[in-house]
Amino acid sequence: MSAPGRPQALIPESIARRVVPVSAPARCCLGLAVMLTLAVLAGCDTLLVGQVEPALFPAAVAASAPPLAGRAAVELPPTVRDQTLSGLALCAAGRTKLQLPLGAIVDAALQRQLGPLFTGGAGPAALPLTGTRDFTVALTVNEMRLDMDHKLNWVVPIPAPPPVFVMPLASSTNYSARLELDLRLTDSLGRQLMQTTVDSGPVVVERGQWTSETPDQRCLKLMHQAAWQAAGQAARRVHEAVQADRQRERAL
């Protein structure tokens, strides 16, 4: 029992003798080290690199007309083929950043849309095609422009304690993507058959607040759908241009 009026020791004396007191400057340095460590960890971003997902393309519609004889080449210059999209806030969650391979997705969509139009299908090729019989026509993508946006449709708020005051109980948001492609079509002799711009039109999906779909998954789906619709427009223009060229009168 401890003597009356004497507080009982919280640390045994044998251990207390070994405890080295920490000076105020040392405590200050330790606190700064902890704060710097937390700041570094909070500033670390996670980069997600998206991939081409063929399953995200809609099912191809059967061609209404017989395929044209020959084979189509899809050509994207390196500056276009390597184009990526990053830094979009609507495609990120917290400190996660998404990098979308726009050029690779457009390339895949064009090959899948052009393939059924020709008996030999479609594939990648380098230009010029002069002097080769591997391809009948070549479709070149000179430039791409993608716009992604979102719009809040409605929200059901509920009171929350300060400093938030209001929190959403439920909400609905439209997410959209629109893609434009500047295209040029040439034949195997290098003659230009067409130069045009195609537009996917707005591709819109609606999502509620409690969806299990992550922002990066949603943006990747939107990009695939926009690329698919733009490639569909391109395929129709290519078919019309090749047919018109083959049906025109040739000088004997």
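The values are calculated or read from the model by the stated rules, or taken from the named source; none is laboratory data. Just so it is clear, the structure is predicted and the values come from calculations on it, not from any experiment. Reconstructed Cβ throughout: ideal geometry from the backbone, glycine too, with neighbour counts over all protein chains shown. Only protein heavy atoms, including side chains, enter the accessible area calculation; ligands, DNA and RNA are left aside. Shrake-Rupley method; radii C 1.70, N 1.55, O 1.52, S 1.80 Å.
I need the full set of residues from region 62-83 which are outside any loop (DSSP other than H, G, I, E, B) and touching a strand residue (DSSP E or B) at 6+ places or on another chain (Cβ under 6 Å), in order please. Don't jump to the end; show me each part of the working.
The initial filter retains those residues of region 62-83 that are outside any loop (DSSP other than H, G, I, E, B), namely 68, 72-75, 78-81.
Listed by number, the residues that qualify are Leu68, Ala72, Ala73, Val74, Glu75, Val80.
Inside region 111-224, counting only strands (runs of 3 or more DSSP E) that do not spill past its ends, which hold 2 or more residues that are within 29 Å of Leu48 (Cβ to Cβ) and open to solvent by less than 20 Å² (accessible area, probe 1.4 Å)?
Filter on region 111-224 gives 137-159, 166-187.
Going by what's in this entry, would Gln99 be described as in a loop (DSSP other than H, G, I, E, B) and modelled with pLDDT under 95?
No: the conditions fail for Gln99.
Name every residue in region 203-214 that is touching a residue at least 12 places away in the same chain (Cβ under 8 Å) and more than 17 Å from Arg178 (Cα to Cα), in order of residue number.
Taking region 203-214 first, the residues touching a residue at least 12 places away in the same chain (Cβ under 8 Å) are 203-210, 214.
Matches in region 203-214: Arg207, Gly208, Gln209, Trp210, Thr214.
If only one of Leu189, Leu222, Leu181, Leu185 is out of contact with any Lys or Arg (no Cβ under 7 Å at 6 or more places or on another chain), at pLDDT below 90 and aliphatic (A, V, I, L, M), which one is it?
One residue alone meets the criteria, Leu189.
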